[in-house]
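Any read-out appearing in this document is the output of simple, stated calculations on the displayed coordinates, not a laboratory observation. As the structure is a computational prediction, the values presented were derived from the model and not from experiment. Neighbour counts run over all protein chains shown; Cβ positions are idealised from the backbone, glycine included.
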Amino acid sequence: MTAKATNKTGKKAVAKRPAAAQPARKAVAPSAAKAPAARGPLAPERVAAILKTLDETYPDAECALHYRSPWELLVATILSAQCTDARVNMVTPELFRRFPAPAELATAPIGEIEDLIRTTGFFHNKAKSIQGAAKKVAEDFGGKVPQTLAELITIPGAARKTANVVLGVAFGKAEGVVVDTHVFRVSRRLELAKADTPQEVERELMRVVPRDHWIAFSHQLIYHGRQVCVARSPRCRMCSLETLCNSKDKTWYS
Ligand code: SF4
């Protein structure tokens, strides 16, 4: 997923020079002075400062996959594995034009599905997954995508991350935190989590981030990870979280 948010870049904090008449004192960058690092990375005020900055930087962050229903979002999310959202958005209009409902996709020739989604990569497995999902939704859920995590993860191709996307984006339900490769990397760099698996990082984030932020937080971190906190050579100089970040990967310090 991506967000449509405008990326406001952070500015290098500039220490103010004391006035000549005032006693000399050590210059401190204003934003750094607000960073409450003294109480550790999970100090509530530090977490709140990160969330506030993310809200300010990415106020309109949202899913960039195109969909018209929970079913279409479910399929698009399955197809987005190891693939860009933009690429998925190129193939789904024709896929849903040919097979609009789960019952139709469930009985479609598998070769035809593969041809329609080929450019998203791993198309043999993805075709099997979305046809399996279509059968499950059509036969066990009356053609409607279920609205609980427990039910969603019984659908072929829909593991916990996909289930969280569908619940959060299509139904506005925060049952977990979406942890994709960007959320995984950025939340560890920001020391909001330190585990080595997405499942455990999600559990850590659910403890640290207030529930009413779970949905937006994921979108914001995905956007931040794609635009600024990229995997190699993060663009710390333009990062609005820079004064709150102590990552060893930092490429620039204010
Ligand atoms: S300062 Fe650098 S490493 Fe830290 S969150 Fe920003 S871009 Fe990522």
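Which distance in Å, rounded to a whole number, links the C-alpha centroids of segment 113-129 and segment 183-221?
Taking the Cα centre of each part, segment 113-129 and segment 183-221 sit 30 Å apart.
Greater than 19 Å separation of Cα atoms is the criterion. Which listed pairs, K126/K161; K194/K250; K52/K248, meet it?
The pairs that break the limit, which is 19 Å between Cα atoms, are K52/K248.
What's the exposure ranking of K128, K161, going from fewest to most Cβ atoms within 10 Å?
K128, K161
Based on DSSP H runs of at least 4 residues, each adding -39500 (n - 2.57), what is the mean residue ellipticity at 222 nm of the chain after dividing by all its residues, to the nearest 500 deg cm²/dmol?
So the helix-based figure for the chain works out to -13500 deg cm²/dmol.
Compute the length gained on full extension between V230 and D140: take 0.36 nm times their separation in residues and subtract their Cα-Cα distance, giving the result in nm to one decimal.
28.3 nm
Please arrange D115, D85, D212 by counting, for each residue, the other beta carbons lying within 10 Å of its beta carbon, fewest first.
Final ranking by Cβ density, sparse to dense: D212, D115, D85.
If we count other beta carbons within 10 Å of each Cβ, what is the order of I50, I153, fewest first?
By the 10 Å Cβ count, ascending, the order reads I153, I50.
What is the sum of charges around Q131, taking Lys and Arg as +1, Asp and Glu as -1, for the other residues whose C-beta is under 11 Å from the C-beta of Q131?
+1
State the dimensionless ratio Rg/Rh of segment 213-254 (Rg: radius of gyration of Cα atoms; Rh: Kirkwood radius).
We get a ratio of 0.98 for segment 213-254.
Gain in length, R68 to A48, computed as 0.36 nm per residue apart minus the alpha-carbon separation, to one decimal in nm?
Residue separation times 0.36 nm, minus the Cα-Cα distance, leaves 3.8 nm.
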